[in-house]
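Reading through the structure tokens given below for one structure.
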Amino acid sequence: MSETSRMDREFLKSALTLASQSDVAHLLFISDVPIALNDLRGRKCRKKLVYAVTSDGVASELTARKEKVVIIPAYDYSRTERVKMAVLSALAQGAFKEGDMVLCLTGRIGRGIDTMMTMRIGGSLDDRVAIEGVKLGDQFNSQVVDALIQLALQIGQEGFEGHPVGTILCIGDHNAVLEKSRQLTINPFQGLSEVERNVLDPKIREAIKNFSVLDGAFIIREDGVVLAAGRYLAASDDNVKIPLGLGARHAAAASTTASTGCIALVVSQTSGAVRLFKEGNIVLELHQTARRT
């Protein structure tokens, strides 16, 4: 047995021992290569095990074995982002709940497990935001919403080339939103395949950062496919009221979410704050602790 494989087995053995501790509620194993049954035999942590895989075939095999399984996108995420995506999927499916302690095992795709993290669900701002995203409704993909909230926070903090920018990200009910808006500039996402313009792909989120300097809103389907950038949203509903001090961008988002089934994330150019609108109201408000200048 090679030194590397011996180290891998010892790492897994130590992780399974730790997962058997009473204060660990779940063991989240993020890999398309399941744990060997011999390694699980007789271990208390087996009942806590939740697999996160990218392959439908592997998911079917594990489901047939009566294992708990969630599916995550197969994009080239960092280890931390892969854990976040897996936790979101588990939250959306009711496998985890607020307050649970989760031990997570992950690594690079195709290279085995090399990283262990522990987290308490709801114990950090990211987790609380994720839980709020899950509560928005079954029509919204929690992974998409969370990815876009994190992206909006980055836009608010970093701006573009040192200059503050503001923008609107509309998610869901895309046909109605497109009907109630008009194109202000050339749509940079037109002509790309759906796989090439999904916000779950880190490269597309980077592109949205760059295109956030364009006037207008991004229109995004519930599954994360970006349909358009640079759309003008009219603040046409006079019955919608927004807090004093918020401008036309927030008014447009409030009006659009009041008259359609979409939700909208607004990044304030002035403060970098991110506000989530639903049905004309602010349901989540996140302020920056610092901004890059």
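The values are calculated or read from the model by the stated rules, or taken from the named source; none is laboratory data. Everything quoted here is computed from the prediction, not taken from an experiment. Cβ atoms come from the backbone with ideal geometry, glycine included; neighbour counts cover every protein chain shown. The area values use the complete protein model at the heavy-atom level, side chains included, leaving out ligands, DNA and RNA. Shrake-Rupley method; radii C 1.70, N 1.55, O 1.52, S 1.80 Å.
Output the relative contact order of the chain, whole-number percent, from Cα pairs under 8 angstrom with separation of 6+ residues.
Numbers: 547 pairs, mean separation 42.6, N = 293.
Value for the chain: 15 percent.
Between the Cα long axis of helix 79-92 and the first principal axis of the chain there is an angle of about 80°, rounded to the nearest 10.
Suppose R0 equals 41 Å. What FRET efficiency, 1/(1 + (r/R0)^6) with r the Cβ-Cβ distance, do Val213 and Met101 give to the nearest 0.05? Once the sixth-power term is evaluated, E becomes 0.45. The mean of 1/r over all pairs of different alpha-carbon atoms in the range 1-65, once inverted, gives a Kirkwood hydrodynamic radius of 12.8 Å. If you plug the beta carbon distance of Ser55 and Leu244 into 1/(1 + (r/R0)^6) with R0 = 45 Å, you get a FRET efficiency near 0.30. The modelled label-to-label distance between Asp138 and Val195, using points 7 Å beyond Cα along the C-beta direction, is 3.0 nm. Please report, to two decimal places, log10 I(q)/I(0) for the chain at q = 0.07, 0.08, 0.10, 0.16 Å⁻¹ as given by the Debye formula with identical point scatterers on the Cα atoms and no solvent. Once normalised to I(0) and log-transformed, intensities are -0.30, -0.39, -0.59, -1.20. Taking the Cα atoms only, what angle lies between the long axis of helix 202-211 and the longest principal axis of the chain, rounded to 10 degrees? That works out to roughly 20 degrees. With the highest mean first, a sort of the peptides 190-203, 136-149 on other beta-carbon atoms found within 10 angstrom per residue produces 136-149, 190-203. Per atom type, the range 153-293 shows carbon and sulfur on 48% of its accessible surface, probed at 1.4 Å.
Under the simplified labelling scheme, the Ser14-Thr185 pair shows an inter-label distance of 5.1 nm, with each label point 7 Å from Cα along Cα→Cβ.
Using only the Cα atoms of the range 52-125, build the gyration tensor, take square roots of its eigenvalues as a ≥ b ≥ c, and label the shape rounded, prolate or oblate: rounded if a/c is under 1.5, else prolate if a/b is larger than b/c, else oblate. Judged from the Cα gyration tensor, the range 52-125 comes out oblate (a/c at least 1.5, b/c at or above a/b).
Taking every protein chain into account, the accessible area of the range 174-270 amounts to 48 square angstrom per residue (probe 1.4 Å).
R0 = 30 Å: FRET efficiency of Ser271 with Ala74, Cβ-based, nearest 0.05?
0.25
Looking at the square roots a ≥ b ≥ c of the eigenvalues of the Cα gyration tensor of the range 149-293, which shape do they give, rounded for a/c under 1.5, prolate if a/b is larger than b/c, or oblate? Here the range 149-293 falls in the oblate category. The aspartates and glutamates within cross-link reach of Lys97, meaning a Cα-to-Cα straight distance under 15 Å and a gap of 8 or more places when in the same chain, are Asp23, Asp126, Asp127, Glu132.
Using a 1.4 Å probe on the protein chains only, how many percent of the accessible area of the range 1-132 belongs to carbon and sulfur?
Working: 3620 of 7060 Å².
Answer for the range 1-132 is 51 percent, counting heavy atoms of protein chains only.
Roughly what % of DSSP beta bridges within the chain run antiparallel, to the nearest 5?
Percentage antiparallel, nearest 5: 65.
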